[in-house]
Amino acid sequence: MGGANAIAPAPGPERTCVGCSQRRPQAELVRFSGGPGGLRVHLERGDGRGVYLCPDTGCLEVSVKRKALQRAFGAELGQLSVQELRESIRQAVLQKVQRLLGLARRAKKVVAGSRAVRQALEAGRVRLVLLRRDIFPGVGKQIQEEAERRGIPVMMVLSREDLEAVLGGPSREAVGLLDSSFAEGILRALRYWIPVGNGAPPGRQEEERRTGGGDRG
Ligand SMILES: [Zn+2]
């Protein structure tokens, strides 16, 4: 875990977060823009008017309290909730990860399934590991330890549903990226992920629901 921190800070202009009022590199902030089509989320640096926020629940809360987005883009945005803002950021992150994973798959730079990921790790081919949040702890730990030994970042933020969405098919417990630029792009997008709750390990019922499906066998 904590792989996202391994990325060097991107140089570039600074912007002020309307939540905490801190000036930070634009590349670390989420930009919201608004217009007739409603609110939009931008994870990439770009031009245009925007409201900047740290990808952080606290800053989203302040922006909702101050109606910062309505003041910038018009009252027709209506009531916004922290939940909605967080969900729109999450969707933007998922879309970006989905796009990059799609490209990586076409380039044959993805392995899926915990066994395939472990083999590729042992062969020194993996640049990033994505573990499903509800991966069987024993299997997850083995992969994580192997990745750590090799200095490969591991991200464990995506749920079963998220992984189904990004893989466009049945979700796998583990996905390995075999190319560093795809890996870096995905890490950069996941840096905007705002964990719900405290990121605690999956609950008992989630483990019991598991069927020990085909990924591992
Ligand atoms: Zn902030």
task: Filter the range 34-57 down to the residues that are in contact with a Cys (Cβ under 6 Å, 6 or more places away or on another chain) and in a strand (DSSP E or B), then identify the one that is surrounded by the fewest Cβ atoms within 10 Å (Cβ to Cβ).
output: 52
query: Among the numbered criteria (1) away from the ligand (no atom under 13 Å from the Cβ); (2) farther than 23 Å from residue 166 by Cα; (3) free of Cβ contacts under 8 Å to residues at least 12 places away in the same chain, which single criterion is violated by residue 44?
result: (2)
message: One residue is enough: does the range 59-74 have a residue meeting the conditions among the small types (Gly, Ala, Ser) and more than 16 Å from residue 17 (Cα to Cα)?
response: yes
Only one of 61, 76, 87 that is assigned to a helix (DSSP H, G or I) and within 13 Å of the ligand (Cβ to nearest atom): 61
message: Tell me yes or no: at least one residue of the range 117-126 is charged (D, E, K, R), assigned to a helix (DSSP H, G or I), surrounded by 17 or more Cβ atoms within 10 Å (Cβ to Cβ) and in the same structural domain as residue 180 (by TED's automatic domain parsing).
response: yes
statement: Restricting attention to the range 162-187, the residues that are in contact with a Lys or Arg (Cβ under 7 Å, 6 or more places away or on another chain), part of a loop (DSSP other than H, G, I, E, B) and within 16 Å of residue 107 (Cβ to Cβ) number exactly 2
Output for the range 109-134, where each listed residue is of a type outside the set (A, V, I, L, M), in contact (Cβ under 8 Å) with a residue 60 or more places away in the chain and more than 16 Å from residue 160 (Cβ to Cβ): 109, 115
field: Any chance residue 24 is within 15 Å of the ligand (Cβ to nearest atom) and over 19 Å from residue 194 (Cα atoms)
entry: no
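The values are calculated or read from the model by the stated rules, or taken from the named source; none is laboratory data. Predicted model, so just to flag it, every value in this text is computed and none were measured. We place every Cβ from the backbone using ideal geometry, glycine too, and count neighbours over all the protein chains shown.
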